[in-house]
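One structure is given below, encoded as structure tokens.
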Amino acid sequence: ELKVEQNPLFLSMQEGKNYTIYCNYSTTSDRLYWYRQDPGKSLESLFVLLSNGAVKQEGRLMASLDTKARLSTLHITAAVHDLSATYFCAVDWAYNTDKLIFGTGTRLQVFP
Amino acid sequence: SQTIHQWPATLVQPVGSPLSLECTVEGTSNPNLYWYRQAAGRGLQLLFYSVGIGQISSEVPQNLSASRPQDRQFILSSKKLLLSDSGFYLCAWSVTALNQPQHFGDGTRLSIL
């Protein structure tokens with residue numbers, strides 16, 4: 001069974017701190033996506049990781065992909081309140097259809 | 001630029017009533033189209049995807065169906081809604097060759113009473 005697991009499921013962190021969200025997947029894939037979802041809203045694309053060793057950074061967020069370990073990480077540097085949201089990783093498991101399996105999501109709350 | 005429109009934004013329906021949710025994409029040709037459902041506090045479950053007009057693949061057995069009558073139009077339907085059909089429904093599009101992410105509509109929040 002194809003699985004995409006994230007941990008932690010819930011993360012409460014203080015502003016200014018660093019933390020990492022992990023995404024493990026059980027299928028062979030070289031394409032992984034990170035999305036952000038604000039409460040009651042749709043999904044916003046953050047990163048597209050297309051190969052082993054890929055690293056992308058945008059502001060205080062940095063994502064990486066290790067296809068051999070079937071692991072992606074989303075690292076948060078010096079968190080601010082505006083980063084509070086739910087973060088999903090998704091794995092492309094069927095070539096030429098872009099069919100995605102989404103992770104369970106990590107709900108991040110940043111407090112002062 | 002490409003845009004995706006999804007409507008209605010919210011819908012409250014009685015059990016046993018029919019359903020029709022519509023999604024249209026502008027600014028691109030021959031997109032892959034998707035319907036997802038998100039239960040409260042959960043991740044996304046892929047319901048249907050389509051790679052072309054009239055081509056629909058169902059991912060899970062359910063009370064719902066999908067149709068693609070035009071290249072950039074995707075419709076989610078049901079003849080008789082169940083309580084378990086409640087959720088947040090999201091339409092998305094992508095173009096495979098571009099290695100770009102799927103782009104999501106604003107979603108429809110469906111409540112079944």
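Each residue of the stretch B:63-72 was assigned a 3J(HN,Hα) from its phi angle through the Karplus expression (A = 6.51, B = -1.76, C = 1.60, θ = phi - 60°), giving 8, 10, 9, 9, 9, 9, x, 9, 3, 10 Hz with x at Gly and Pro.
Take every DSSP beta bridge whose two residues both sit in the stretch B:3-112; close to 90 percent of them are antiparallel.
Think of a 1.4 Å ball rolled over the protein heavy atoms: the stretch B:1-112 then has 47 Å² of accessible area per residue. For B:Trp93, the solvent-accessible surface with a 1.4 Å probe is about 20 Å², rounded to the nearest 10.
For the stretch A:39-112, the set of trypsin sites (Lys or Arg not before Pro) satisfying both a DSSP loop assignment and a count of at most 12 other C-beta atoms within 10 Å is given as A:Lys68.
Ordered from longest to shortest, the equivalent ellipsoid semi-axes for chain B are 23, 14, 13 Å, each the square root of 5 times a Cα gyration tensor eigenvalue. Normalised by 2.2 N^0.38 Å, with N the number of residues, the alpha-carbon radius of gyration of the protein assembly as shown equals 1.02. Per atom type, chain A shows carbon and sulfur on 50% of its accessible surface, probed at 1.4 Å. Among the lysines of the protein assembly as shown, pairs at least eight places apart or on separate chains and with Cα atoms under 23 Å apart come to 7. Backbone phi angles across the stretch B:22-35, fed through the Karplus curve with coefficients 6.51, -1.76 and 1.60 (θ = phi - 60°), yield HN-Hα couplings of 10, 9, 10, 10, 10, x, 8, 10, 6, x, 6, 10, 9, 10 Hz in residue order; Gly and Pro are listed as x.
Shown here for the stretch B:28-85: trypsin sites (Lys or Arg not before Pro) in loop regions (DSSP other than H, G, I, E, B) with at most 14 other Cβ atoms within 10 Å, namely B:Arg42, B:Lys79, B:Lys80. Counted by Cβ distance under 10 Å from A:Tyr33, the other residues give a net charge of -1, where Lys and Arg count +1 and Asp and Glu count -1. Residues with amide H under 5 Å of A:Trp93's amide H, sequence separation 5 or more or different chain, H placed in the peptide plane at 1.01 Å from N; which? For A:Trp93, the qualifying residues are A:Lys99, A:Ile101.
Evaluating 6.51 cos²θ - 1.76 cosθ + 1.60 at θ = phi - 60° for every residue in the stretch A:98-112, the Karplus couplings come out as 6, 6, 10, 10, 8, x, 6, x, 10, 8, 9, 10, 10, 10, x Hz, glycine and proline recorded as x.
The values are calculated or read from the model by the stated rules, or taken from the named source; none is laboratory data. Keep in mind it's a predicted model, so treat the numbers as computed, not measured. Positions of Cβ are backbone-derived with ideal geometry, glycine not excepted, and every protein chain shown enters the neighbour counts. Remember, those area values only see protein heavy atoms, side chains included, never the ligands or the DNA or RNA. Shrake-Rupley method; radii C 1.70, N 1.55, O 1.52, S 1.80 Å.
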